[in-house]
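Written out below as structure tokens is the structure these notes cover.
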Amino acid sequence: MKLYYSENSGNSWKIRILLALLEVPCEKIDIDFFGKREHKSPAFLKMNPRGQVPVMEIEGQYFWDSTAQLVYIARKWGGEQWLPTDALGMTEVMHWMAFAQNQVQFGLQWARGMVLKLKPTGDFADMKRQGELGLKIMNQHLQDKDWLAVGRATIADIACYPYVAKSPEGGFDLAAYPNVLAWVKRCESVPKWPQRK
Ligand SMILES: N[C@@H](CCC(=O)N[C@@H](CS)C(=O)NCC(=O)O)C(=O)O
């Protein structure tokens, strides 16, 4: 099993968190994202036609979205803890995994990308609107809950964590969302949760 990742990529960070939590060995290949833009090379595009990290090579197949990769790792090595198999529990987790691919990505990830010049084009005002909406939704949801789904830490939390934790770099003020801020700290206090440099 191989993970093609980039150091600054929050989507890659999700996978690295789960691998660390479950102590799963995996060969990691650091893509030269900024210099050679390796993720746009013909060889990389054969693995992922979207030209994005993270990519995982699993049993001779390539999977190029952090959601699919988290599901694979959790199902294969995480037992019931990180992705429950009962219908309602799994749906709750996938509900927030989908949220990570909507307001979190199109809002928080992309706004940070614009500020840090990782993303060259786009409607920054719309990204800010989407991001604020995402933080508002999470803050309300976490008002009387510690975790996003099923009352414990799951891959739903891992999927949302990197770009929420890093959202101040995109100009978002997490002090305005105290339940979200407390949740970020809660995630970071999970044993073996790797701290970001
Ligand atoms: N939905 C994808 C998004 C992947 C993504 O946005 N990757 C970024 C780095 S974090 C990237 O490779 N961007 C380069 C590009 O889009 O051209 C996932 O969850 O894996």
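Values in this text are rule-based calculations from the coordinates and carry no lab data. Everything numeric in this text was worked out from a predicted model, so none of it was measured. Note that we place each Cβ from the backbone using ideal geometry, even for glycine, and neighbour counts take in every protein chain shown.
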Check your understanding: How many of the residues making up segment 93-129 are away from the ligand (no atom under 13 Å from the Cβ) and surrounded by fewer than 19 Cβ atoms within 10 Å (Cβ to Cβ)?
Key -> 9
Check your understanding: If you check F106, F99, which single one turns out to be among the aromatic types (F, W, Y) and free of Cβ contacts under 8 Å to residues at least 60 places away in the same chain?
Key -> F106
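Restricting to segment 119-155, count the residues that are β-branched (V, I, T) and either in contact with a Lys or Arg (Cβ under 9 Å, 6 or more places away or on another chain) or farther than 17 Å from A98 by Cβ (or both).
2
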Study note, to complete from the structure: Residues of segment 23-71 being over 21 Å from Q105 (Cα atoms), acidic (D, E) and surrounded by 11 or more Cβ atoms within 10 Å (Cβ to Cβ), in sequence order, are D30, D32, E38, E57
Point to revise | Count of residues meeting criterion [within 11 Å of the ligand (Cβ to nearest atom) and crowded, with 24+ Cβ neighbours inside 10 Å] in segment 152-166 | key: 3
Exercise for review: Any chance you could count how many residues in segment 1-55 are more than 8 Å from the ligand (Cβ to nearest atom) and under 21 Å from E188 (Cβ atoms)?
Suggested key: 13
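Inside segment 1-94, counting only strands (runs of 3 or more DSSP E) that do not spill past its ends, which hold 1 or more residues that are of a type in the set (D, E, K, R)?
2-5, 27-30, 55-58
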Check your understanding: In this structure, is E57 acidic (D, E) and under 23 Å from R196 (Cα atoms)?
Key -> no
Check your understanding: Cβ-Cβ below 8 Å, separation at least six or inter-chain, first residue in segment 5-16 and more than 12 Å from D30 (Cα to Cα), second among the aliphatic types (A, V, I, L, M) and within 6 Å of the ligand (Cβ to nearest atom): which pairs?
Key -> N11/V53
Review point. Where residues in segment 146-197 are touching a Ser or Thr at 6+ places or on another chain (Cβ under 8 Å) and assigned to a helix (DSSP H, G or I), which of them is farthest from V71 (Cα to Cα)?
Key: L174
Exercise for review: Determine the pairs where a residue that is closer than 13 Å to I15 by Cα, located within segment 58-71, has a partner that is part of a strand (DSSP E or B) with Cβ atoms under 6 Å apart, the partner being 6 or more residues away or on another chain.
Suggested key: F63/M56; W64/V55; Q69/M56; Q69/F63
Practice item. Only residues that are closer than 22 Å to D123 by Cα and not acidic (D, E): list them for segment 166-187, please. Key: K166, S167, P168, G170, G171, F172, L174
